[in-house]
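Engineer: I have a structure I would like to understand better, so I am pasting it below and will then ask my questions one at a time.
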Amino acid sequence: MWSSRLAFILAATGSAVGLGNIWKFPYITGENGGGAFVVVYLLCIAMIGIPIMIAEVSLGRRGRLSPINTMKQLARADGASQNWKYLGWMGVIAAFLILSFYSVIGGWSLSYIGHAFSGEFEGAGSDKIGAIFGAMLSSPETLMIWHSVFLLIVVAILSQGIRSGLEKAVNVLMPMLFLLLLVMVGYAMSTSQFSQAVDFLFTPDFSKLTTEGVLSALGHAFFTLSLGSCAMMAYGSFLPSQVSVARTAITVSVIDTVVALLAGLAIFPLAFANGLEPSAGPGLIFQTLPIAFGQMPAGTFFATLFFSLLLIAAITSAISMLEPLIEWLEEQRGINRKVAALIAGVLVWSVGLLTVFSFNNWADLHPLSFVPVFAEKTFFDIFDYLTANIMLPLGGLFIVVYFAWFMNPDAARHEVGIKSDNVYRLTHFVMRYVSPALVLIVFLYNLL
Ligand code: PHE
Ligand code: NA
């Protein structure tokens, strides 16, 4: 078990805060036109993300097993169908697919630690920085090496068991990442494009928001809070029983959101100052931040520190993606943890190659071009869309539906830990009707 409420908050924050906040949030915000997307994203966090995190952590704590077996056991206790275990399976598969591309992007951070440390960013303009990024992306060997190193680190940590090391790492490194982001925002404030960026992020122009943009905002709320993939369920299973799940879920969600907004505030002024389009795509932070590091005092030091902290944030998230599968292999198949971590790692690595080639040799390959939503999409785009926009929201929907409709009501109330009757009634109402309805509406709208 986690040693305290704080330990759980640190672990759950470690899972939540990652590439989703610093790499993905800025570039999808840019692709979707800024302010209006941010408003919808924040609404999704508040009305859907937080209630579903409460449900997911509560289920995990009540079951106290790996997510798949937790769902089996709870369904038995509540007299519900055994098919609920497939919810656990869907989460495990979603997390597996996410890790396959997450690891490649984690590899980018690793590679950038090297570029930063060697002083390559000093005085570099957007051309040189663009060339560094382009050279990395166009070489499958380079991407493969860093993807392998990233996964090796993750597998090594997982094979040791996560509880002791993770707490300590997150304890020190997360606050450091946070401070460094503040420094970056401070630097961004010194550019004359800061107010343009604030405007871009916080002045909503709903004419720029498409139906698909709304789905991306919803999907990202799940992705960034690690919901719907059973990662939070797995972590909830170690949460001491006296801790309030509701308060904890709110704390984690607020921290995650603040980190994402800070990342946006650090990056967009630089993008504008250097003539980069906000819609530059997945390379956005790798093409903007190095320019700033190259100009600030002690930039080489700060750049190295930044990409190292980004790497650690990515690792603590990646760990939580594989933990449910490894627990299941241990629990159900009696496989030793080290072997389980290795098997899972090799499988993820292989699937990850599809993402490696999506950025070079197969950049024009659209393997599912006959499916309308996947037309024009590379393997990387497909994995990203399939997990964030479909599997995670679907998983989260079923989680909150199980919690609010099928779980024994006394047990539900007991787990959530809200004392006031009125506050609980309101929370339960939101979980029973509002969150599921909102997810369904966004889904149906996109289907039609
Ligand atoms: N929340 C993580 C991030 O923002 C990603 C993640 C998704 C982690 C799903 C676990 C499960 O980077
Ligand atoms: Na996140």
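The values are calculated or read from the model by the stated rules, or taken from the named source; none is laboratory data. Predicted model only: the values in this text are computed from it and were never measured. Don't worry about glycine lacking a Cβ; one is built from the backbone with ideal geometry, like all the others, and counts go over all protein chains shown.
Engineer: Which residues, counting only those in segment 265-278, are more than 20 Å from the chain's Cα centre (by Cα) and surrounded by fewer than 24 Cβ atoms within 10 Å (Cβ to Cβ)?
Structural biologist: If the condition is that a residue be more than 20 Å from the chain's Cα centre (by Cα) and surrounded by fewer than 24 Cβ atoms within 10 Å (Cβ to Cβ), then PHE272, ALA273, ASN274, GLY275, LEU276, GLU277, PRO278 are the ones that fit.
Engineer: Right, something else. State yes or no: is LEU368 farther than 21 Å from SER241 by Cβ, modelled with pLDDT of 95 or more and not in a helix (DSSP H, G or I)? Outline the logic, then answer.
Structural biologist: Working: farther than 21 Å from SER241 by Cβ: yes; modelled with pLDDT of 95 or more: yes; not in a helix (DSSP H, G or I): yes.
It is true that LEU368 is farther than 21 Å from SER241 by Cβ, modelled with pLDDT of 95 or more and not in a helix (DSSP H, G or I).
Engineer: State which residue pairs qualify: first residue touching a residue at least 40 places away in the same chain (Cβ under 8 Å) and inside segment 10-30, second residue of a type in the set (Phe, Trp, Tyr) and more than 9 Å from ligand 2 (Cβ to nearest atom) in any location, beta carbons under 6 Å apart, and separation of 6 or more residues or different chains.
Structural biologist: Here the result reads ALA11/TYR235; ALA12/TYR235; THR29/PHE37, each pair linking segment 10-30 to a residue that is of a type in the set (Phe, Trp, Tyr) and more than 9 Å from ligand 2 (Cβ to nearest atom).
Engineer: Taking the options LEU74, LEU87, LEU110, LEU99, name whichever one is in a helix (DSSP H, G or I), over 19 Å from LEU225 (Cα atoms) and within 16 Å of ligand 1 (Cβ to nearest atom). Break it down into steps so the answer makes sense when it comes.
Structural biologist: Working: LEU74 fails: within 16 Å of ligand 1 (Cβ to nearest atom); LEU87 fails: over 19 Å from LEU225 (Cα atoms); LEU99 fails: over 19 Å from LEU225 (Cα atoms).
None of the other options fit; the residue is LEU110.
Engineer: Now for a separate question. If you go through segment 115-148, how many residues are part of a helix (DSSP H, G or I), more than 18 Å from GLU277 (Cβ to Cβ) and among the aliphatic types (A, V, I, L, M)?
Structural biologist: Residues in segment 115-148 being part of a helix (DSSP H, G or I), more than 18 Å from GLU277 (Cβ to Cβ) and among the aliphatic types (A, V, I, L, M): 7 in total.
Engineer: Listed residues ALA12, ALA80, ALA94, ALA46; which is part of a helix (DSSP H, G or I) and more than 16 Å from ligand 1 (Cβ to nearest atom)? Explain how you work it out, then say what you get.
Structural biologist: Values: ALA12 fails: more than 16 Å from ligand 1 (Cβ to nearest atom); ALA80 fails: part of a helix (DSSP H, G or I); ALA94 fails: more than 16 Å from ligand 1 (Cβ to nearest atom).
That would be ALA46, the only listed residue that is part of a helix (DSSP H, G or I) and more than 16 Å from ligand 1 (Cβ to nearest atom).
Engineer: Filter segment 398-414 down to the residues that are part of a helix (DSSP H, G or I) and in contact (Cβ under 8 Å) with a residue 60 or more places away in the chain and list them by number. Reasoning before the result, please.
Structural biologist: Here is the first cut: in segment 398-414, the ones part of a helix (DSSP H, G or I) are 398-406, 409-414.
Those that are part of a helix (DSSP H, G or I) and in contact (Cβ under 8 Å) with a residue 60 or more places away in the chain: PHE398, ILE399, VAL400, TYR402, PHE403, ALA404, PHE406, ALA411, ALA412.
Engineer: Something else now. When you go through (1) over 24 Å from PRO297 (Cα atoms); (2) of a type in the set (Val, Ile, Thr); (3) in contact with a Phe, Trp or Tyr (Cβ under 8 Å, 6 or more places away or on another chain) one by one for ILE93, which number turns out not to apply?
Structural biologist: All conditions are met except number (3).
Engineer: Within the set of pairs 6 or more residues apart or between chains, which connect a residue that is within 13 Å of PHE306 (Cβ to Cβ) inside segment 111-131 to a residue that is assigned to a loop (DSSP other than H, G, I, E, B) and not hydrophobic (A, V, I, L, M, F, W, C) with Cβ atoms less than 8 Å apart?
Structural biologist: none
Engineer: OK, next. If you go through segment 221-241 one residue at a time, how many are in a helix (DSSP H, G or I) and within 14 Å of the chain's Cα centre (by Cα)?
Structural biologist: First, the residues of segment 221-241 that are in a helix (DSSP H, G or I): 221-224, 231-236.
Filter once more, so that each one left must be within 14 Å of the chain's Cα centre (by Cα): 221-224, 231-232.
Number of matching residues: 6.
Engineer: Continuing with this model, one more query. Tell me which residues, restricted to segment 232-274, are within 16 Å of ligand 2 (Cβ to nearest atom), in contact with a Ser or Thr (Cβ under 6 Å, 6 or more places away or on another chain) and modelled with pLDDT under 95.
Structural biologist: ILE267
Engineer: Contact list please: Cβ distance under 7 Å, first residue in segment 219-230 and crowded, with 24+ Cβ neighbours inside 10 Å, second residue assigned to a helix (DSSP H, G or I) and of a type in the set (Phe, Trp, Tyr), pairs at least six apart or on different chains.
Structural biologist: Cβ pairs passing all conditions: HIS220/PHE25; HIS220/TYR41; ALA221/TYR41; THR224/PHE25; GLY228/PHE222.
Engineer: Here's a follow-up. Test VAL198 against the criterion of being away from ligand 2 (no atom under 15 Å from the Cβ) and either in contact (Cβ under 8 Å) with a residue 24 or more places away in the chain or surrounded by 21 or more Cβ atoms within 10 Å (Cβ to Cβ) (or both), and give yes or no. Spell out the reasoning first.
Structural biologist: Numbers: away from ligand 2 (no atom under 15 Å from the Cβ): yes; either in contact (Cβ under 8 Å) with a residue 24 or more places away in the chain or surrounded by 21 or more Cβ atoms within 10 Å (Cβ to Cβ) (or both): yes.
In short, yes.
Engineer: Of the residues ARG62, ARG5, which single one is crowded, with 20+ Cβ neighbours inside 10 Å, under 12 Å from GLY236 (Cα atoms), over 15 Å from the mean Cα position of the chain (by Cα) and in contact (Cβ under 8 Å) with a residue 40 or more places away in the chain?
Structural biologist: Working: ARG5 fails: crowded, with 20+ Cβ neighbours inside 10 Å.
Within the list ARG62, ARG5, the selection yields ARG62.
Engineer: Kindly evaluate SER308 against the criterion of being crowded, with 16+ Cβ neighbours inside 10 Å, under 28 Å from ALA273 (Cβ atoms) and out of contact with any His (no Cβ under 7 Å at 6 or more places or on another chain).
Structural biologist: Details: crowded, with 16+ Cβ neighbours inside 10 Å: yes; under 28 Å from ALA273 (Cβ atoms): yes; out of contact with any His (no Cβ under 7 Å at 6 or more places or on another chain): yes.
Yes, satisfied.
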